[in-house]
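Chemist: Okay, here's the structure, questions in a sec.
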Amino acid sequence: MEDFGILFVDDEKEILNIVDEYLTLNGYTVTVADNGLKALEHIKETGYDIVFTDLNMPGFSGLELLAAIKEVRPETEVVIVTGFGTIESAIEALKLGSYDYLQKPIKLERLKLLIDRIIEKKKLQRENILIKRRLKERYRYDELVGVSPKMQEIYEKIDRMISINAPTVLIQGESGTGKEVVARVIHRNSYYKDKPFVPVNCGAMVEGLLESELFGHVKGSFTGAIRDKMGLFKAAEGGTLFLDEIAELSPNLQVKLLRILQEQEFERVGGTKTIKCDIRVIAATNRDLDKLVKDGQFREDLYYRLKVIPVVIPPLRERRSDIPLLVHHFMENISKSRKKKIKGMSKDIVKAFMEYDWPGNVRELENIIERMIILSEGDELTIQDLPDKIIEKHHHEEDAVDPVIPEEGFSLNNAINEYERLLIVRALEKADWVKNRAAKILNMNRTTLVEKIKKQGIERPRRAMN
């Protein structure tokens, strides 16, 4: 029940005490408030799934609180608590959006029944959101692209993080796997999305400068401190601070970070004033933190504090089934940004990409495609546009006739569906989005093509419209 917050509002302290004790004993998470204005502050700051409010309260009535809640938190279910003889007002509350009403004297069994009913409804809503998300084109999640089982696991983990607003996340993976991309996707799809996303590379600065950047400093605290500095922890207030290369933090900064995660407070360099901060920390590293902890180079308590939600990004060589999708994704984006129209690439290029081991991972793939597009002389990339190291690897294995199957396996259905989608989009583009012409290119009748377009959710890009 801890995932569902309940707020009970009444100006009678005795009722609040009884309800608080009863719900707590039954495993619910409950907060009580003795007036409507105080309750509204709680709701703005925290948010609750369920609010029970007395109808008649001095200063700020239950109906006024109901209207205010529906304004700031429309997803919150409100139950009006009413005394005998005010049923008409309770009915009016139902018209204004109240889930139900509860009569005084309160029957605790009825209270529990209402809560359980609302929680069940909320659970179904959450499940439906996840189901709808899974039914979307799961070959990508925001900027993340891939159909491999390991990428599907990451998508599922992000879904769970969104539903529980995970306070800290630790992303691990080799250089170039896209750790910051994953961090940004988590931020953009979370409770913190309307607040800042502040990235900082912990390995790019010396300790003294990094401490000042993170925590800020007061004027005169060291040579060159000519004015107060806010610091990145405060700059990320209410949002996400992304600490890349977290393993490079010095022991002193590890202690300070641990305190912030535990207490949500810190002092600026050279300052004595304690500053409160409300942020979510996402940390990332390409090093083995388990080994660093065992070797005494990284604090064990900080490691487990960061590792509330661990995300491991696989290297590209372990998700080869995603390479064709990534190639298509990067070609589209880079061609658009470089304002250079590229119709496609030869099949030999994709085969060569599948054979290469990608020590630089996704970043290397993106950089190579960008270089090929910039240097290409025609509107189609050919095998000659590849770097020598990839061509040599390809020639070494060009006698192989078997398709490259990644060791981790992949979803055949997803791969087939995505390849079908790409072929349909290419045919539509070649036919200037005239379905009859595209159907002829694909050697199928127009009705079948229309059905597949609907099934795949393909829409003509706005930029292609006249």
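Chemist: Of these, Glu332, Glu364, Glu370, which one is touching a residue at least 40 places away in the same chain (Cβ under 8 Å) and farther than 14 Å from Gly178 by Cβ?
Modeler: It is Glu370.
Chemist: Mind telling me which of the residues Ile186, Ile226, Ile171, Ile164 ends up being under 10 Å from the mean Cα position of the chain (by Cα), of a type outside the set (S, T, N, Q) and assigned by TED's automatic domain parsing to the domain that holds Ile309?
Modeler: Ile186
Chemist: Looking at segment 136-188 only, could you name the residues that are of a type in the set (Gly, Ala, Ser), out of contact with any strand residue (DSSP E or B) (no Cβ under 9 Å at 6 or more places or on another chain) and under 30 Å from Tyr48 (Cα atoms)?
Modeler: Ser163
Chemist: I want to confirm something. Restricting to segment 80-106 and keeping residues that are acidic (Asp, Glu) and either touching a helix residue (DSSP H, G or I) at 6+ places or on another chain (Cβ under 8 Å) or not assigned by TED's automatic domain parsing to the domain that holds Leu37 (or both), which single residue is modelled with the lowest pLDDT?
Modeler: It comes out as Glu92.
Chemist: Could I ask something else about it? Which condition does Gly203 not pass, out of (1) farther than 23 Å from Gln262 by Cβ; (2) surrounded by 17 or more Cβ atoms within 10 Å (Cβ to Cβ), if it passes all the others?
Modeler: (2)
Chemist: What about Gly216, is it more than 17 Å from Pro310 (Cα to Cα), touching a residue at least 60 places away in the same chain (Cβ under 8 Å) and buried (at least 18 other Cβ atoms within 10 Å of the Cβ)?
Modeler: No; evaluated as a whole, the condition is false for this residue.
Chemist: Taking the criterion of being over 38 Å from the mean Cα position of the chain (by Cα), under 27 Å from Glu21 (Cα atoms), among the β-branched types (Val, Ile, Thr) and not in a loop (DSSP other than H, G, I, E, B), would at least one residue in segment 70-84 satisfy it?
Modeler: Taking every residue of segment 70-84 in turn, at least one turns out to be over 38 Å from the mean Cα position of the chain (by Cα), under 27 Å from Glu21 (Cα atoms), among the β-branched types (Val, Ile, Thr) and not in a loop (DSSP other than H, G, I, E, B).
Chemist: For segment 17-36, state whether one or more residues are assigned to a loop (DSSP other than H, G, I, E, B), closer than 30 Å to Tyr192 by Cβ and touching a residue at least 40 places away in the same chain (Cβ under 8 Å).
Modeler: Checked against the condition, which is being assigned to a loop (DSSP other than H, G, I, E, B), closer than 30 Å to Tyr192 by Cβ and touching a residue at least 40 places away in the same chain (Cβ under 8 Å), segment 17-36 yields at least one hit.
Chemist: Give me the residue from segment 243-301 that is assigned to a helix (DSSP H, G or I) and β-branched (Val, Ile, Thr) and, out of that set, nearest to Arg227 (Cα to Cα).
Modeler: Ile260
Chemist: While we're here: Only one of Leu375, Leu302, Leu292, Leu306 is among the hydrophobic types (A, V, I, L, M, F, W, C), out of contact with any Leu (no Cβ under 9 Å at 6 or more places or on another chain), more than 23 Å from Glu429 (Cβ to Cβ) and in the same structural domain as Glu153 (by TED's automatic domain parsing). Can you tell me which?
Modeler: The conditions single out Leu292.
Chemist: Could you please tell me which pairs satisfy a Cβ distance under 6 Å, a separation of 6+ or placement on different chains, a first residue in segment 195-209 that is closer than 20 Å to Cys277 by Cβ and touching a residue at least 40 places away in the same chain (Cβ under 8 Å), and a second residue that is part of a helix (DSSP H, G or I) and of a type in the set (Gly, Ala, Ser)?
Modeler: Val198/Ala235
Chemist: Could you list, in sequence order, the residues of segment 135-151 that are assigned to a helix (DSSP H, G or I), modelled with pLDDT of 80 or more and not charged (D, E, K, R)?
Modeler: Pro149, Met151
Chemist: A follow-up question, please. Just to be sure before I move on: is Glu77 more than 16 Å from Asp10 (Cβ to Cβ) and at pLDDT 90 or above in the structure I sent?
Modeler: yes
Chemist: With the condition kept exactly as written, say whether any residue in segment 170-189 is in a loop (DSSP other than H, G, I, E, B), at pLDDT below 90 and closer than 26 Å to Gln262 by Cβ.
Modeler: Narrowing segment 170-189 to residues in a loop (DSSP other than H, G, I, E, B): 173-178, 189.
Adding the requirement that they be at pLDDT below 90 leaves 189.
Imposing the further condition that a residue be closer than 26 Å to Gln262 by Cβ reduces the set to none.
No, there is no match, as no residue in segment 170-189 is in a loop (DSSP other than H, G, I, E, B), at pLDDT below 90 and closer than 26 Å to Gln262 by Cβ.
Chemist: Grab the helices (runs of 4 or more DSSP H) fully contained in segment 372-466, keeping just those with 3 or more residues being at pLDDT below 85 and on the phi < 0 side of the Ramachandran plot.
Modeler: 388-397, 412-430
The values are calculated or read from the model by the stated rules, or taken from the named source; none is laboratory data. Bear in mind the structure is a predicted one, so any value in this text is a computation, not a measurement. Glycine gets a Cβ as well: all are built from the backbone with ideal geometry, and neighbour counts include every protein chain shown.
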